[in-house]
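S.K.: Sharing a structure here in structure tokens format.
The values are calculated or read from the model by the stated rules, or taken from the named source; none is laboratory data. Please read these numbers as outputs of a predicted model, since none were measured by experiment. Cβ placement follows ideal geometry from the backbone for every residue including glycine, while neighbour counts extend to all protein chains displayed.
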Amino acid sequence: MRLLVTGGAGFIGANFIRFVLREYPDWHVTNLDKLTYAGNLENLREVEDNPRYTFVRGDIADREAVAGLFAGGGFDAVVNFAAESHVDRSILDAGPFIETNVRGTQVLLEAARRYGVRVFLQVSTDEVYGSLGPDDPPFTEEHPVKPNSPYSASKAAADLLCRAYHETYGLPVVVNRCSNNYGPYQFPEKLIPLMIANVLENKPLPVYGDGLNVRDWIHVEDHCRGIAAALRRGRPGAVYNFGGRAERTNLDVVRTILRILDRPESLIRFVADRPGHDRRYAMDIARAERELDWRPRWTFEDGLEATVRWYVDNAEWVQRVRDGAYREYYRRMYEER
Ligand code: NAD
Ligand code: DAU
């Protein structure tokens, strides 16, 4: 299998590439990544000399570059991770989200249609469904798409383009919608690595609103196995939900991190809420279990403990990532408000 992976220098993409090269000895991976603030080739150091791995720096929204890559690539499958992925940044400036998440996805779909692939896998999110009330049943794949942030609206637009390319042109598209990932190499703008990094630096822990928003957490390894399963067994045109069956309030998550690191709850600071903040996500994953023979293996408690340990053991990685352009963003989000 010759795979084109986009956004492979980011958190989930880098975990996926390392997973695939380890688990599938006859799969080849080309990683197309623009290396935005979130892309970090250090995440792929252990595979950079692997003869089954090639890195290409480029933008998925660059029509000519993408066509050139497909013309010479002979790809059997595309896995599209490339995206602007952070909700708070989309609230500050939605422009790059439309450019990459919507236009970039359309450029890839068009190239896949022109050159032909066996499967186009779009890595999507539970956020396209909108928000649940406390007693609502979890999202199924049939739930209406009702995004609330510029980020989730751009991902929903991409999902609808995927649907249209399947319905109109018969492109074999599979859409994976997954809940909140955590694990090694996650950029410390997201809740779990931000809180771990702040605890390690003895900084306050900024919890939005009342801290009672609920997310469903899945270890990134479980998500990577799910993507591989959908690539191999997914039905063209189908949507699959993935999640960890681990609903937690943000406050629970932050308190658990403090407990693991043996630090006091007095580090918690309640700060202004995120505008349009979705209250609760929860995923019904029965379809993926039934059709893809997949289920999450990590419990949240074991996964979080292993993740905290990874960040403690890789403090230099965090430091290098935090020293870059991220500093400016952190000041704007948390220190100047
Ligand atoms: P990330 O922000 O860590 O990484 C994104 C990667 O995409 C980076 O390497 C970046 O350089 C690259 N990129 C951005 N714009 C690009 C462009 N125009 N062309 C080529 N490369 C570009 O993101 P992540 O958390 O790893 O998420 C990956 C995907 O999974 C995204 O599509 C996201 O919407 C989706 N997703 C994420 C989560 C989560 O919890 N993190 C959950 C569900 C779905
Ligand atoms: O649900 C899947 C989505 O999960 C992905 O599609 C996104 O790419 C990914 O970023 C993530 O989005 P969230 O907005 O859920 O993740 P984030 O880590 O930004 O926030 C998780 C929760 O924690 C959310 O309720 C907001 C809250 N939060 C976040 C930050 C960064 C805080 O309370 N304080 C913070 O400083």
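S.K.: List the number of the failed condition for Thr168; all other conditions in (1) more than 11 Å from ligand 2 (Cβ to nearest atom); (2) buried (at least 18 other Cβ atoms within 10 Å of the Cβ); (3) closer than 21 Å to Asn101 by Cα hold.
M.R.: The one condition Thr168 does not meet is (2).
S.K.: Of the numbered conditions (1) out of contact with any strand residue (DSSP E or B) (no Cβ under 7 Å at 6 or more places or on another chain); (2) within 13 Å of ligand 1 (Cβ to nearest atom), Asp159 satisfies every one except a single condition; which is it?
M.R.: So the condition that Asp159 fails would be (1).
S.K.: Within region 71-82, take every residue that is modelled with pLDDT of 95 or more, touching a strand residue (DSSP E or B) at 6+ places or on another chain (Cβ under 8 Å) and not in a strand (DSSP E or B) and give me the one that is nearest to ligand 2 (Cβ to nearest atom).
M.R.: Phe81
S.K.: On to the next question. Please determine, by comparing only the residues of region 240-252 that are within 20 Å of the chain's Cα centre (by Cα) and surrounded by fewer than 23 Cβ atoms within 10 Å (Cβ to Cβ), which one is farthest from ligand 2 (Cβ to nearest atom).
M.R.: Applying the filter and picking the extreme gives Arg245.
S.K.: I need a count of the residues in region 288-323 that are more than 16 Å from Asp222 (Cβ to Cβ) and not in a loop (DSSP other than H, G, I, E, B).
M.R.: Residues meeting the conditions: 16.
S.K.: Identify, please: which residue in region 1-21 is in a loop (DSSP other than H, G, I, E, B) and among the hydrophobic types (A, V, I, L, M, F, W, C) and is, among those, nearest to ligand 1 (Cβ to nearest atom)?
M.R.: Going through the qualifying residues, I end up with Ala9.
S.K.: Here is a list: Cys162, Cys178. Which entry is buried (at least 23 other Cβ atoms within 10 Å of the Cβ) and over 30 Å from Glu316 (Cβ atoms)?
M.R.: Cys162 is the lone residue from the list that is buried (at least 23 other Cβ atoms within 10 Å of the Cβ) and over 30 Å from Glu316 (Cβ atoms).
S.K.: I would also like to ask the following. Being more than 23 Å from Val66 (Cβ to Cβ) and either in a helix (DSSP H, G or I) or in contact with an Asp or Glu (Cβ under 8 Å, 6 or more places away or on another chain) (or both) is the filter; apply it to region 22-47 and report the residue that is nearest to ligand 1 (Cβ to nearest atom).
M.R.: Checked region 22-47; the qualifying residue nearest to ligand 1 (Cβ to nearest atom) is Glu42.
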